[in-house]
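The values are calculated or read from the model by the stated rules, or taken from the named source; none is laboratory data. Nothing here was measured: the structure is a model prediction, and the numbers come from that model. Reconstructed Cβ throughout: ideal geometry from the backbone, glycine too, with neighbour counts over all protein chains shown. What goes into the accessible areas is simple: the full protein's heavy atoms, side chains included, and nothing from ligands, DNA or RNA. Shrake-Rupley method; radii C 1.70, N 1.55, O 1.52, S 1.80 Å.
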Amino acid sequence: SQQGEEDPQALSIQEGENATMNCSYKTSINNLQWYRQNSGRGLVHLILIRSNEREKHSGRLRVTLDTSKKSSSLLITASRAADTASYFCATDAGSGAGSYQLTFGKGTKLSVIP
Amino acid sequence: GAGVSQSPSNKVTEKGKDVELRCDPISGHTALYWYRQSLGQGLEFLIYFQGNSAPDKSGLPSDRFSAERTGGSVSTLTIQRTQQEDSAVYLCASSLVVSAYSEQYFGPGTRLTVT
């Protein structure tokens, strides 16, 4: 079963607007990561947030994590056409053997219209 | 090159044939991972290597799938007697160590089409 589930499945915004994507997961985790994928290839790591962190920033990216709700959000501020891509959250298995194993959601497809 | 590379980038094969996919991880990365991305299925973890060892093969979809890694570097994923449901993008990633906190760097993938 999917550990991470993103919503919305697709998001279309105008350039300059902010984009917010959400991810929910089911079991305890050590960390949650966000990746970007262009044109169905080449996943690029964006940011990792640990389970004891609540918010993290990287450039125009802001990630929040609420472990009580088992959810995370990725905010991209002042979006650009180049941000058009699919965004995935990935969670580890929490504890024990295989905790390194990342489980990805099905992603949010973001379209930024110039 | 500094990144993870995979070859071939695209592979079209006939049903029943064997295929071999190759992954060159980032130099010095001891951990290597294989994932599969099918249309509508998201990314599915297949197998990981710590050095040359693959401690857990339970993620492989069937016994037609096998993987090996030699010299702590290059890895090959072999699919025997390919089926149409094997069509997918196969992604390889590497990380410095096997750890839940270690960032995984992904290659561009191999798009496999079984006709």
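If you add up the charges near A:Leu65, with Lys and Arg at +1 and Asp and Glu at -1, over every other residue whose beta carbon is less than 12 angstrom from its beta carbon, what do you get? It would help to have the intermediate numbers written out before the result.
On the way: positive: A:Arg50, A:Arg54, A:Lys56, A:Arg62, A:Lys69, A:Lys70; negative: A:Glu53, A:Glu55, A:Asp66.
Residues close to A:Leu65 contribute a combined charge of +3.
Quick check on my link table: of B:Lys11/B:Lys57; A:Lys26/A:Lys109; A:Lys70/B:Lys11; A:Lys106/B:Lys57, which ones sit more than 27 Å apart, alpha carbon to alpha carbon? Write out the running numbers ahead of the final one.
Values: B:Lys11/B:Lys57 24 Å; A:Lys26/A:Lys109 22 Å; A:Lys70/B:Lys11 39 Å; A:Lys106/B:Lys57 23 Å.
Violating the 27 Å limit, Cα to Cα: A:Lys70/B:Lys11.
For chain A, which whole-number percentage of the solvent-accessible area (1.4 Å probe, protein heavy atoms only) is attributable to carbon and sulfur atoms?
Details: 2390 of 5220 Å².
That share works out to 46 percent.
Which net charge results for the neighbourhood of A:Lys109, defined as the other residues with beta-carbon distances under 15 angstrom from its beta-carbon, given Lys and Arg at +1 and Asp and Glu at -1? Don't jump to the answer; show the numbers that get you there.
Working: positive: A:Arg36, A:Arg41, A:Lys106; negative: A:Glu5, A:Glu6, A:Asp7, A:Asp83.
Cβ neighbours under 15 Å give a net charge of -1.
Using a 1.4 Å probe over the heavy atoms of the protein chains, calculate the carbon and sulfur portion of the accessible area of chain B as a whole percent.
The value for chain B is 46 percent carbon and sulfur by accessible area.
Provide the net charge surrounding B:Glu85, with neighbours chosen by a C-beta distance below 13 Å and charges set as Lys +1, Arg +1, Asp -1, Glu -1. Don't skip to the end; give the middle numbers.
Details: positive: B:Lys15, B:Arg36, B:Arg64, B:Arg81; negative: B:Glu44, B:Asp86.
So the environment of B:Glu85 carries a net charge of +2.
For a quick check, take a GNM of chain B with Cα springs below 10 Å and name the residue from B:Ser38, B:Ser99, B:Ser73 with the largest mean-square fluctuation.
B:Ser99
Between A:Val44 and A:Lys69, what is the label-to-label distance in nm when each label sits 7 Å out along the Cα-to-Cβ direction?
2.9
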